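These notes are about the structure you will find just below.
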């Protein structure tokens, strides 16, 4: 039952085939059974059960709050949740219980959703593996899938069964793992350079980064304020549309949200492909792109072309500067945003209290990991008076050029861009940590980053399994605030590729491990 | 130019650097030094010469003034703004910089800044930006202050102010100082240092309150000028209601950039004098600093570019032990606030929600009369002297009191002003009372002046009545007149007799007058007054005496 989509479980709840409490309990016990994935930092068992009971009461009275009533969800641990510990996977906020909820969290709760817990991440969302938080790395559920296991036995490097577990990608790896392993029906991530789409692709789920300004950031502990967007992770595109409909809209508490009212939409299954124009950015043929992903990408392009769509190669010439530009802008905002963590009002405070300055220094030394401190240092360097023009202003100008590339492409009639989400399928943890966080982040954000620079909506759709039996996703980038068009295309694509469901071994009752979809002939 | 204030002996330095621990005020203490003084030949060189007969010293004074915006809630949060509330009782999640909170700009604060900008003849920027200014300080929870470094809300204005010059300070001159800019920014919290327990206590009630920073160009040359400019600004802010501008409550904080140089030479090195939080000490602090720099330079020393605090107890400025003096604030655009866009009637888009926009023209049309206009009107309407108009505006509520009295009496306003400024204000000052605390209402004063005007009592009797009125016992002037029998003696015969009696009792004086010394006549009039306890009309008495003396 846990493996169905949000839409399906919502229908089951409405028809009384399952009760919110039963559903919640099942999810909670499954979270416990999959604890080794390390997807959750905090399990809010008591409040979740209480919320489920309340939901049940509403169902009984026939007064449900909306489509999400009774639906178990998970939230990345960098969103504030009133009364529930919010850590950002950092010593700095360990034990911090916020007095308010992020707007997006509140919107979920107001719709009757049941909040199961807070999901794991890289410390302060700085990373692309979900490996660099104080609670340890998140394990990709696909490490334990029959699809992967069978292939890796063939490749015969599984003497030690547990040593080859795979990273989820990041930084919203906990949320991606939670949705992928069926412990919740939707999860919130955050997306600053690809942090929602990257783990979604690696975990075989849908990851949506909406347009900047469409969803409130109030209560999301910021990484880069000018690029952060709450992300949505679901099992399918339809589910993402449902959650988007709940979250989108102006928030007086976030001045960067747009005033225009947002109208929730339902996606049609049918599209007239002949009216569609898909752009293939040539610059995304990047070094390091795996041949498998490349092949999949061009097959996907053919799929659209065969369906009658126009598929055109386009150029985004400045995208190649995106990563370096991001490095400057990100670290500068990080340096600024992290300044508030001084141990005075909240969070960790060092016992070294010889002077206020000593206390600040010790608090920040003890509270932040090397990655965070490194970014704070570089950011402050870029913001120094003598460097500001050379680095920060220049990076802002480059950012404008990157954004203008997209404007030009869309002005020339392109509806949606089709790109890879990641260079390849995911890799084992032992491989991943051979490179440092900065190198990994620079590599892994390459296809996702530019959309954040330009503030555009983008979605990754699980497309096929690699030779190793691991998911590969492809990304669609849409026009600003044209989520409906973007998701419609994504849904059509999803229906065509028929991505196989993960077959988890040993984690669930084997009797239920039925593959619901057959792989499409096209992508096999 | 007020040369007298440059006298070397005006203030004697009594304290050395480091005698007293640095004091702290608002966030201004850590602001970057403004760009160096511009060389200009505008300043006249009429200051007294230095001791060795070299060219005279000229002081250059610029001001940075932080005015707390009078608003119900803070600049970026919904917390209340209130003076002297219990510590940390007015702190929102944003004010305490809880992670994930975002600023939401208070429209009222923007309007206050626009209003102030218009009143100071500024151009209002239709687009302005917010920036983060970083520094670590315990009363700055976010580690940065949101301010307007790159593009402030108002620029290029001017402020005209007047001051009395000349030996007797009886000559009014009007000067103008350019306003560089007005920027919106957050106030900081307050740190209270408990040295005994070696603790610092933080009160965040003030953190995030809206400030307008008004930057005046270095175009003043003395403490007196600076004080007059600040006083005029204060009046303007209070007239607009954009700030209560009460210095004692920290709603108006002044920092002064001070340097000295010889005319024709480049400007000297500046110091920044902070913590001038009282109108009384403003001029003194600046003048002290001018003298200190002159003395330093004349003794062969140098002036260091440093921040100094004014210690009002010692009456001198002392270097602030501020390690952050040279700090880099690492300014950055505030990413959580879109540019602040203002409209005028022409640019206002159709179908706009008026709650969502600020219309500059709308504000301009509703500006109240500014102090300068009010003064001109007072002079024109009532025929009073310009300096009287200044006094009327300088005392809170005095102009209203004056106008109220004028409305209720037949007395010529030119005469009323004398009673207001000499008798009334003198008494209030002596008893340290504000106009609104006056025991004599405008109605009673008007009644009294009417009795005088109608000839019911003499002016010296009126003063006696006023004495009685100060007691605040609620008796009307007429009651007092009746009780004390202060009515003028109207009976001509009775007056003639009294005058005759006085003349007879003072033959020597009579002889003097008859010899031609008319001055002694006044003595006789006084004697008649004394005899009657002021119940006579001096003009009438004079006529009678003159008539009788010439007989």
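The values are calculated or read from the model by the stated rules, or taken from the named source; none is laboratory data. Everything numeric in this text was worked out from a predicted model, so none of it was measured. Every residue, glycine among them, receives a Cβ derived from its backbone with ideal geometry; neighbour counts consider all protein chains shown.
Residue A:364 falls short of the stated requirement of being under 29 Å from residue B:144 (Cα atoms), at pLDDT 95 or above, in a helix (DSSP H, G or I) and away from chain B (no Cβ under 14 Å). Does any residue of the range A:90-102 turn out to be in contact with a strand residue (DSSP E or B) (Cβ under 9 Å, 6 or more places away or on another chain), more than 12 Å from chain B (Cβ to nearest Cβ) and assigned to a helix (DSSP H, G or I)? Among the residues of the range A:90-102, not one is in contact with a strand residue (DSSP E or B) (Cβ under 9 Å, 6 or more places away or on another chain), more than 12 Å from chain B (Cβ to nearest Cβ) and assigned to a helix (DSSP H, G or I), which makes the answer no. Evaluating residue B:522 against the criteria (1) outside the structural domain of residue B:446 (by the TED database); (2) under 20 Å from residue B:459 (Cβ atoms); (3) touching a helix residue (DSSP H, G or I) at 6+ places or on another chain (Cβ under 6 Å) leaves one unmet condition, (3). Based on what the data block shows, is residue B:128 out of contact with any helix residue (DSSP H, G or I) (no Cβ under 8 Å at 6 or more places or on another chain), buried (at least 21 other Cβ atoms within 10 Å of the Cβ) and over 19 Å from residue A:341 (Cβ atoms)? In short, yes. Would you mind stating whether residue A:326 is more than 11 Å from every other protein chain (Cβ to nearest Cβ) and surrounded by 18 or more Cβ atoms within 10 Å (Cβ to Cβ)? Answer is yes for this residue. Among the residues in the range B:236-255, are any more than 24 Å from residue B:109 (Cα to Cα) and either modelled with pLDDT under 95 or outside the structural domain of residue B:395 (by the TED database) (or both)? Among the residues of the range B:236-255, not one is more than 24 Å from residue B:109 (Cα to Cα) and either modelled with pLDDT under 95 or outside the structural domain of residue B:395 (by the TED database) (or both), which makes the answer no. When residue B:176 is tested against (1) more than 14 Å from every other protein chain (Cβ to nearest Cβ); (2) over 19 Å from residue B:118 (Cβ atoms); (3) loosely packed, with under 14 Cβ neighbours inside 10 Å, only condition (2) is not met. Within the range B:506-522, the residues that satisfy the criterion of being within 15 Å of residue B:541 (Cβ to Cβ) and part of a helix (DSSP H, G or I) are B:509, B:510, B:513, B:520, B:521, B:522. Put simply, of A:255, A:291 the only residue that is more than 22 Å from the chain's Cα centre (by Cα), over 22 Å from residue A:415 (Cα atoms) and within 14 Å of another protein chain (Cβ to nearest Cβ) is A:255. In the range B:123-187, counting only strands (runs of 3 or more DSSP E) that sit wholly within it, the ones holding 3 or more residues that are over 17 Å from residue B:103 (Cβ atoms) span B:154-165, B:171-186.
Quick one: is residue B:318 more than 14 Å from every other protein chain (Cβ to nearest Cβ), part of a strand (DSSP E or B) and surrounded by 13 or more Cβ atoms within 10 Å (Cβ to Cβ)? Talk me through it step by step, then tell me what you get.
Details: more than 14 Å from every other protein chain (Cβ to nearest Cβ): yes; part of a strand (DSSP E or B): yes; surrounded by 13 or more Cβ atoms within 10 Å (Cβ to Cβ): yes.
Answer is yes for this residue.
Between A:117, A:129, A:66, the distinction of being away from chain B (no Cβ under 14 Å) and at pLDDT below 95 belongs to A:66 only. Given the criteria within 14 Å of chain B (Cβ to nearest Cβ), in a helix (DSSP H, G or I), modelled with pLDDT of 95 or more and surrounded by 23 or more Cβ atoms within 10 Å (Cβ to Cβ), does residue A:336 qualify? Spelling it out, residue A:336 is indeed within 14 Å of chain B (Cβ to nearest Cβ), in a helix (DSSP H, G or I), modelled with pLDDT of 95 or more and surrounded by 23 or more Cβ atoms within 10 Å (Cβ to Cβ).
The residue that is farthest from the other protein chains (Cβ to nearest Cβ), counting only those in the range B:132-142 that are closer than 16 Å to residue B:191 by Cα and in contact with a strand residue (DSSP E or B) (Cβ under 6 Å, 6 or more places away or on another chain), is B:139. Only a single criterion out of (1) in a loop (DSSP other than H, G, I, E, B); (2) in contact with a helix residue (DSSP H, G or I) (Cβ under 7 Å, 6 or more places away or on another chain); (3) surrounded by fewer than 18 Cβ atoms within 10 Å (Cβ to Cβ) is not satisfied by residue B:411, namely (3).
Count of the range A:350-360 residues, restricted to those that are farther than 17 Å from residue B:197 by Cβ, within 12 Å of chain B (Cβ to nearest Cβ) and surrounded by 15 or more Cβ atoms within 10 Å (Cβ to Cβ), is 1.
Residue B:191 satisfies every condition listed in (1) closer than 23 Å to residue B:77 by Cα; (2) more than 14 Å from every other protein chain (Cβ to nearest Cβ) except (2).
Looking only at the range A:230-252, residues that are touching a residue at least 60 places away in the same chain (Cβ under 8 Å), within 13 Å of another protein chain (Cβ to nearest Cβ) and closer than 17 Å to residue A:483 by Cα come to 1 in all.
Exactly one residue out of A:383, A:344 is farther than 15 Å from residue A:223 by Cα, within 8 Å of chain B (Cβ to nearest Cβ), in contact (Cβ under 8 Å) with a residue 40 or more places away in the chain and touching a strand residue (DSSP E or B) at 6+ places or on another chain (Cβ under 9 Å): that is A:383. Does residue A:393 satisfy the criteria of being within 14 Å of chain B (Cβ to nearest Cβ) and in contact (Cβ under 8 Å) with a residue 40 or more places away in the chain? No; evaluated as a whole, the condition is false for this residue. When you look at residue A:472, is it away from every other protein chain (no Cβ under 14 Å) and part of a loop (DSSP other than H, G, I, E, B), yes or no? In short, no. Taking the criterion of being part of a loop (DSSP other than H, G, I, E, B), touching a strand residue (DSSP E or B) at 6+ places or on another chain (Cβ under 8 Å) and surrounded by fewer than 21 Cβ atoms within 10 Å (Cβ to Cβ), the only residue of the range B:78-87 that qualifies is B:87. Would you mind finding the one in B:90, B:102 that is at pLDDT 95 or above, surrounded by 22 or more Cβ atoms within 10 Å (Cβ to Cβ), more than 14 Å from chain A (Cβ to nearest Cβ) and farther than 21 Å from residue B:215 by Cα? Answer to the selection: B:90. Picking from residues in the range A:404-417 that are buried (at least 17 other Cβ atoms within 10 Å of the Cβ) and in a helix (DSSP H, G or I), the one that is farthest from the other protein chains (Cβ to nearest Cβ) is A:409. Given the criteria in contact with a strand residue (DSSP E or B) (Cβ under 7 Å, 6 or more places away or on another chain) and either assigned to a loop (DSSP other than H, G, I, E, B) or more than 14 Å from chain A (Cβ to nearest Cβ) (or both), does residue B:336 qualify? Answer is no for this residue. Checking each residue in the range B:266-280 for being part of a loop (DSSP other than H, G, I, E, B), surrounded by fewer than 23 Cβ atoms within 10 Å (Cβ to Cβ) and in contact (Cβ under 8 Å) with a residue 40 or more places away in the chain picks out B:266, B:267, B:268, B:277. Flag: residue A:137 does not match the condition of being farther than 15 Å from residue A:222 by Cα, at pLDDT 95 or above and within 14 Å of chain B (Cβ to nearest Cβ).
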